[in-house]
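The block underneath contains the structure these notes are about, expressed in structure tokens.
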Amino acid sequence: MPMVRRDKTNYLIQSVAHAFDVLEQFFGEVDELGVTELSKRLKLHKNNVFRILATLEARGYIEQNKATENYRLGIKCLHLGRRYIHHMGLVRQARPILADVARKCRESAYVAIVRRDGVVPLEAAEAEDRAVRITPPIGITLPLHCTAAGKAHLAFDAEEQLKSALPETLRRFTDRTIVDRAALFAQLEAVARDGYAMDSGEFIEEVSSVAVPIRDYTRSVVGSIAVAGPAYRIGAERIAAEIAPSLLEAGRELSRRLGYNE
């Protein structure tokens, strides 16, 4: 006897569907919504809406603005979006661009994304004609506050959630590490103005790096491209004349490939 294939809508779990209905209300132009407004929009009882929000908040997909008591999307939604971009081809799109940057700058280049409270290199290209070169630690979480890639994310994070999550006293890795939040934020203002971030021996002694943000079709920062090498080869003049312009061009090209329009 042949099997009858049912429409998948017959298997929907109503409570899960309602949770997604709540989430999708935040996909429009309004950044924050309250329980009463959500209840009206979805025609659900306020108690049901509150319980859904509490569940989503506990899992990090929704967060509450303590000042207004309204709700907004949480950091987990950003993580989901970044995973989607990654699976849709961030690394694949980055490979030829990384190779071109490594060739032009004659230094190692890598693409990185934010994961939890750090930045993680996903893919790299190394300069082939350098006896001494830096090998980016693929898959290893690096600190945000003292790496160029991390600073690029901090400086261009529109929601400033990464900044707010930083501890008051930042961990010191070398004598050059900025451990004061105010001093770091002042530096990030310059990064936002110049379009690129730098670190000079702040995470690893005698290693310097430069990085720019990568954006996607939503205009959100979804990653960064960085160049890293021995500090004696990467000085201020070379950064301004050669490395930063190459990275800025690469960042624009990769962002364009991900659907970003300036």
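Within segment 13-33, the set of residues being among the aromatic types (Phe, Trp, Tyr) and within 19 Å of Thr68 (Cβ to Cβ) comprises Phe26 only.
One residue stands out in segment 185-238 among those that are in a helix (DSSP H, G or I) and more than 18 Å from the chain's Cα centre (by Cα): the one that is nearest to Lys104 (Cα to Cα), namely Arg238.
Checking Ala228, Ala192, Ala182, Ala186 one by one, the residue that is modelled with pLDDT under 95, assigned by TED's automatic domain parsing to the domain that holds Pro96 and under 17 Å from Ile97 (Cα atoms) is Ala228 and no other.
Go through (1) aliphatic (A, V, I, L, M); (2) in contact with a strand residue (DSSP E or B) (Cβ under 6 Å, 6 or more places away or on another chain); (3) surrounded by 18 or more Cβ atoms within 10 Å (Cβ to Cβ); (4) within 20 Å of Ile113 (Cα to Cα) one by one and return the number of the condition Leu188 breaks. Here Leu188 meets the rest and fails (2). Arg82 passes every criterion in (1) among the basic types (Lys, Arg); (2) at pLDDT 90 or above; (3) crowded, with 18+ Cβ neighbours inside 10 Å apart from (2). When the residues of segment 131-147 are filtered to those that are without any contact (Cβ under 8 Å) to a residue 40 or more places away in the chain and touching a strand residue (DSSP E or B) at 6+ places or on another chain (Cβ under 9 Å), the one that is nearest to Arg103 (Cα to Cα) is Thr135. Exactly one residue among Ile214, Ile178 is of a type outside the set (Gly, Ala, Ser), within 28 Å of Leu90 (Cα to Cα) and buried (at least 16 other Cβ atoms within 10 Å of the Cβ), and that residue is Ile214. Can you list residue pairs whose Cβ atoms sit under 7 Å apart, with the first residue in segment 6-27 being among the charged types (D, E, K, R) and the second being modelled with pLDDT of 85 or more? Count only pairs 6 or more apart in sequence or on different chains. If the second residue must be modelled with pLDDT of 85 or more, the pairs left are Asp21/Leu42.
A quick yes/no check of all residues on (1) surrounded by 14 or more Cβ atoms within 10 Å (Cβ to Cβ); (2) farther than 20 Å from Val16 by Cα; (3) not assigned by TED's automatic domain parsing to the domain that holds Gln187:
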site: Arg51; (1), (2), (3): yes, no, yes
site: Ile62; (1), (2), (3): yes, no, yes
site: Leu98; (1), (2), (3): yes, yes, no
site: Ile113; (1), (2), (3): yes, yes, no
site: Val119; (1), (2), (3): yes, yes, no
site: Leu122; (1), (2), (3): yes, yes, no
site: Glu128; (1), (2), (3): no, yes, no
site: Thr141; (1), (2), (3): yes, yes, no
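Has segment 233-249 got at least one residue that is surrounded by 24 or more Cβ atoms within 10 Å (Cβ to Cβ), closer than 17 Å to Val91 by Cα and out of contact with any Pro (no Cβ under 7 Å at 6 or more places or on another chain)? Checked segment 233-249: at least one residue is surrounded by 24 or more Cβ atoms within 10 Å (Cβ to Cβ), closer than 17 Å to Val91 by Cα and out of contact with any Pro (no Cβ under 7 Å at 6 or more places or on another chain).
Looking at Ala112, is it in contact with a Pro (Cβ under 7 Å, 6 or more places away or on another chain) and of a type in the set (A, V, I, L, M)?
It is true that Ala112 is in contact with a Pro (Cβ under 7 Å, 6 or more places away or on another chain) and of a type in the set (A, V, I, L, M).
The values are calculated or read from the model by the stated rules, or taken from the named source; none is laboratory data. This is a predicted model, so every value here is computed, not measured. Counting neighbours? That spans all protein chains shown, and the Cβs are built from the backbone with ideal geometry, glycine included.
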